[in-house]
Amino acid sequence: MIGKLGGTPIVVLSGRAHFYEGHPMEAVTFAMRALAAYGIRDVVLTNAAGGINPRFRAGDFMVLTDHINLMGVNPLRGAPIPGLQRFVDLTRTYDEKLGQMLHRAGRASGLKLRSGVYLAVSGPSYETPAEIRAFARLGADAVGMSTVPEAIVARQCGLRVAGVSCITNLAAGRSKYPLSHAEVLETAERSKHVAAQFLRNFAKYYGETDSK
């Protein structure tokens, strides 16, 4: 969808292709290549994630500062693409200035944004408590089944990347209740209005900064 949000021209991707659905990485990351070809320079990736950090609660939002790829595959695997780097530097995958803008938008929306490391797995099964304990030791604050392939390809295409997770549930072993997809959907439904205002404010601030 192409239009304006907060007065800023944007392109919105309505949904995504997940690796766990059986799509090849080429399909999962195609949208990033299409955006780059269209002339987009910056992208905000959003996801639903399970909270690993003990300070996180369902309904929190987290700005991604880094990621850990445990999906078992890299989207850049295969024949090199002419004109693009094959060995992409991911030292600063998530842009600091865009992250600061997200935090500013969060404050304006009445959100207390968290910051942390997102760990990606292939899914679709949820993780075991032992896996979550291991992920915590690796430095992960949240876990999910998307975003990382898109971020890697976006960086290969020269896009600046920001990422936001909605913590829709506590990860396995972090709560006394069993995990359920219904809980994820319920939290996402409750959070959608504040998330919309948050992204609207971000788009507004981005447009003001970009026009200077």
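The values are calculated or read from the model by the stated rules, or taken from the named source; none is laboratory data. It should be emphasised that the depicted structure is a prediction, and the values quoted were computed from it without experimental measurement. Note that each Cβ is placed from the backbone with ideal geometry, even for glycine, and that neighbours are counted across all protein chains shown.
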Regarding the stretch 141-155, can at least one residue be identified that is at pLDDT 95 or above and over 22 Å from Glu21 (Cα atoms)?
yes
Name, by its number, the condition in (1) surrounded by fewer than 18 Cβ atoms within 10 Å (Cβ to Cβ); (2) hydrophobic (A, V, I, L, M, F, W, C); (3) touching a strand residue (DSSP E or B) at 6+ places or on another chain (Cβ under 8 Å) that does not hold for Leu159.
(1)
For the stretch 51-69, the count of residues that are closer than 11 Å to Ala140 by Cα and under 16 Å from the mean Cα position of the chain (by Cα) equals 8
Taking the stretch 57-74 on its own, how many of its residues are under 18 Å from Thr46 (Cα atoms) and either part of a loop (DSSP other than H, G, I, E, B) or in contact with a Pro (Cβ under 6 Å, 6 or more places away or on another chain) (or both)?
5
Which of (1) over 22 Å from Ala188 (Cα atoms); (2) hydroxyl-bearing (Ser, Thr, Tyr); (3) touching a residue at least 60 places away in the same chain (Cβ under 8 Å) is the odd one out, the single condition Tyr38 does not satisfy?
(3)
For the stretch 27-52, which residues satisfy the criterion of being of a type in the set (Asp, Glu) and exposed (fewer than 13 other Cβ atoms within 10 Å of the Cβ)?
none
Quick one: which of Ile152, Ile167 is outside any loop (DSSP other than H, G, I, E, B) and touching a Pro at 6+ places or on another chain (Cβ under 7 Å)?
Ile152
Output the residue which, of all residues in the stretch 75-133 that are acidic (Asp, Glu), assigned to a loop (DSSP other than H, G, I, E, B) and surrounded by fewer than 20 Cβ atoms within 10 Å (Cβ to Cβ), is farthest from the chain's Cα centre (by Cα).
Asp89
